[in-house]
C-alpha cells in the first residue's frame, strides 16, 4: 500500500512541477520582405511564414514566375493580374509550407537593377543566378528547414527550377513544375503561333493558302534566328512580324540563351528520389500537354519520385478553370496537396 501511494505522490509531483512555459508559443502567420543582392542587383521578395510553434523549422518553397515581366505575385501589371504565385503561396501556406517569391529582373521593386543602362546584356543565365540567390536566401531564413527545401516553378519558372534542382546545395527535396516550359523556347513560340494561325483560318480570317505561307514563314523565322540571320517577315501578320523583330532587338541575347536550354536534358542532374510534380492543363493553349511528353519520360529515367505528371482537366495556363476564373482551380490545388503530402 505504501509503495502504491508513494508512486502516486511521485507522479503528482512530476506533473505539478512541469512549467506551463514548456508548451511552445504559437507564432501567427505573417509576411515579411526579404532583400538579397546578386550580380550587383538588390532583389526584393516576400517571405510567407505560416502559423507555427516558436523554434519550429518548416518546409519551405521557392516560387519562380513565368516568362515576361511577371512579378513576385505572378502578375504583369497593369493589364494582367491573375495573382498566380500569390495564390500558390496561400495554398502551400495552408499545408504548413513557407514560401519565398521575388521580383525578378524587370519587375516590381527590383526593376532592371544592374542592367538598367544595358538591358541588351540581360540573358537567361542571369535570371537563373538570381533564382539561385533567392534559394540560398530562403535556405538561410530562421524558420526554414534546409533539409526540406522545395522549388515550385510556373511556366518558364519551371525550367529555371529544373536547372536549380541539379545545381544548388543542398539539393531540393522536391520540384513542382506547373505548366512547364518543357521544350526549347523558339519551338514553343512556333507551336503557339501555328495554333493561333490555324484558329484564325478556321474563323475565316485567312485562306488555307495564306495559312501555309504564314506557317512556312514562322518556321523560316525560327531557323534564321538560330542561325543568327535577319528574319524575313514579309509573309507574317503585323503582330507576328513585330514579335520576331523584337527577338532580334534588345531581347536577342535573352532569347538565344533561353532557346539554348532543352529542359529534358537538365533532368539527369537531379538527385534520384527527388519528389517531382508536373502539371499540364487540358485547356492550356500556351503549354499543351503533349509538349511535356519528352520531359515526363526524362523524369521517369532519372528515377525521381511521384506524383509525376498530373493532367488538370479544364485548367488553363494560369491554373484557372471555367468555374474558377480568378482563383486556383480545385484540380490544381489537389495536385499541390499531393506534392506536399508527407
Normalised contact order of region 186-257, rounded percent, pairs of Cα under 8 Å and 6 or more residues apart | 24
Exposure proxy check on 44, 124: fewest-to-most Cβ neighbours within 10 Å is 44, 124
Arrange the following residues from fewest to most other Cβ atoms within 10 Å of their Cβ: 33, 245.
-> 33, 245
Most mobile of 290, 78, 172 per a Gaussian network model of the chain (Cα springs, under 10 Å)?
-> 78
Could you point to the label whose value was computed as Rg and Dmax of the Cα atoms in Å for the structure here, given [x] 24.2, 104; [y] 31.5, 108; [z] 19.1, 59?
-> [x]
Let me know the shape class of region 203-342, please: from the alpha-carbon gyration tensor, a ≥ b ≥ c as square roots of the eigenvalues, rounded when a/c is under 1.5, otherwise prolate if a/b is greater than b/c, or oblate.
-> oblate
The chain: most fluctuating residue of 42, 144, 207 per GNM, C-alpha cutoff 10 Å = 207
Separation between Cα centres of region 230-246 and region 273-342, rounded to whole Å | 33
Select from 249, 166, 45 the residue whose mean-square fluctuation is largest in a Gaussian network model of the chain (Cα-Cα springs shorter than 10 Å).
-> 249
Would you mind calculating the relative contact order of the chain from Cα pairs under 8 angstrom and at least 6 residues apart, reporting the percent as a whole number?
-> 15
To the nearest µm²/s, what D does Stokes-Einstein give for region 75-230 at 25 °C and 0.890 mPa s, using the Kirkwood radius over alpha carbon pairs as Rh?
-> 133
Rounded to 10°, Cα long-axis angle of helix 330-340 versus longest principal axis of the chain = 60
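Counting only helical runs of four or more DSSP H residues, what would the 222 nm mean residue ellipticity of the chain come to if each run contributes -39,500 (n - 2.57) and the total is spread over all its residues?
Calculated mean residue ellipticity at 222 nm is -12000 deg cm²/dmol.
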Three-way shape label, region 144-188, alpha-carbon gyration tensor, a/c 1.5 | prolate
Please give the helix 238-247 orientation as an angle from the longest Cα principal axis of the chain, in degrees from 0 to 90, rounded to the nearest 10.
-> 60
Tilt of helix 2-17 relative to the longest C-alpha principal axis of the chain, in degrees (0 to 90, nearest 10)?
-> 50
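Taken together, the values in this text are just the output of simple stated rules run on the coordinates, not laboratory data. Predicted model only: the values in this text are computed from it and were never measured. Quick reminder, even Gly has a Cβ in these numbers, built from the backbone with ideal geometry, and neighbours come from all protein chains shown.
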